[in-house]
Amino acid sequence: MGKKPKLGQNFLVDDRARHAIADALGDVSDRTVVEIGPGHGAITSILAGRCRRLIALELDTALVQELTARFQPQPSVQIVSGDVLQVDLPALLQPGETCDVIGNLPYYITSDILLKLFANSQHIRRAVVMMQREVADRVAATPGVREYGILSATAQLHASVSNLFTLPPGAFSPPPEVYSTVLRLEFAPRFAALQVDPAGFDRLLKQSFAQKRKTLQNNLRAAGYDAAGLAACWPAGIPAQARAESLTLEQMATLYRALPPHSQLSR
Ligand code: SAM
């Protein structure tokens, strides 16, 4: 087993793949694109001449220096030194502007990055992101399959997800120990269509998926709902023994609307 590179630095060296990833963003000629983890610029170098404005966020200061020397002469490119998880994304954009996001993500923080993108979904039109294949399978999974969980539900609440293609370890240097999958996320939050409020529904999802081995009712009881109260309002279409992993977002929303006000019952 090879040593894991620092900061998830497996650089893309497959020329066709880096073009396919950049192309998956579509026409970006009038768009601001935010790149997460540009590294040595495999994808940056394609997009720099293609989009209206490119903001590339890199944590490694040696890479920031290299990228700045190479790309900063282009006025449309801004290299930002920092941690993608700390950066204030809307502050990088014009008021009211939405961006597109691209990145061969550092795999050690993939879920946190995705959650950050979902938390900013009103500022994002589309994202093309590469991650470990197993994580991509979870993001794209449908209810009832083994991989479906809180990451799938949250992703699909905020975006429609397409699985574009998978790359072998040899597409990278150094090669990772895993295969990598590119997903495209078209951001279109579904809160209004599902008739739920974002904060309350988000909290219900977290409570419902808290423990995978428990039924949904047992997870909700652990979160502070009482058994009799749950039985009294439980929607007819949802089996009492159901696990959250088996329910569609529409069913979760039906449950959310049937439950008594959350503020009174959640701990
Ligand atoms: N885009 C390049 C490519 O495809 O070859 C590099 C991809 S590499 C998998 C991940 C990149 O993310 C590295 O350049 C790494 O330094 C950077 N990175 C790691 N953690 C980061 C963080 N918290 N914020 C911003 N960039 C980070």
Most to least packed among 172-179, 246-253 [average Cβ atoms within 10 Å]: 246-253, 172-179
Three semi-axes of the equivalent ellipsoid, segment 29-116, Cα gyration tensor, whole Å, largest first: 18, 17, 12
Gain in span if fully extended, R257 to A210, counting 0.36 nm per residue against the direct Cα distance: 14.9 nm
For the chain: span of alpha carbons on each principal axis (Å, largest first): 66, 47, 29
Translational diffusion coefficient (Stokes-Einstein; Kirkwood radius from C-alpha pairs) of segment 170-226 at 37 °C, 0.692 mPa s, in µm²/s: 220
For segment 46-113 versus segment 156-213, the gap between their alpha-carbon centres in whole angstrom: 21
Förster radius 41 Å - calculated FRET efficiency between A69 and A222 (Cβ-Cβ, nearest 0.05): 0.15
Antiparallel bridge percentage (DSSP; both residues within the chain; nearest 5): 45
Accessible area of segment 193-263 belonging to carbon and sulfur atoms, whole % at 1.4 Å probe: 54
Rounded percent of accessible protein surface that carbon and sulfur make up, segment 92-153, 1.4 Å probe: 51
Size descriptor, Kirkwood hydrodynamic radius, that averages inverse alpha-carbon separations across segment 180-267, Å: 13.8
Solvent-accessible area per residue for segment 193-263 (1.4 angstrom probe, square angstrom): 50
DSSP-defined antiparallel bridges as percent of all bridges, segment 70-222, nearest 5: 70
Per-pair calculated FRET efficiency, R0 = 45 Å: E147 and A62 via Cβ, rounded to 0.05: 0.80
Under Karplus coefficients 6.51, -1.76 and 1.60, residue-wise ³J(HN,Hα) of segment 247-261 in Hz, glycine/proline x: 9, 6, 4, 5, 5, 4, 5, 4, 4, 4, 6, 7, 5, x, x
Share of pairwise Cα separations in segment 110-267, more than 27 Å, in percent: 29
Note, ³J(HN,Hα) from phi for segment 172-184, Karplus 6.51, -1.76, 1.60, rounded to Hz, x at Gly and Pro: 10, 9, x, x, x, 8, 10, 7, 10, 10, 9, 10, 10
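The values are calculated or read from the model by the stated rules, or taken from the named source; none is laboratory data. Because the structure is a prediction, the values reported are computed rather than measured. Methodologically, a virtual Cβ is constructed for each residue, glycine included, from the backbone with ideal geometry; neighbour enumeration extends over all protein chains shown. Please note that ligands, DNA and RNA were not included when accessible areas were found on the heavy atoms of the full protein model with its side chains. Shrake-Rupley method; radii C 1.70, N 1.55, O 1.52, S 1.80 Å.
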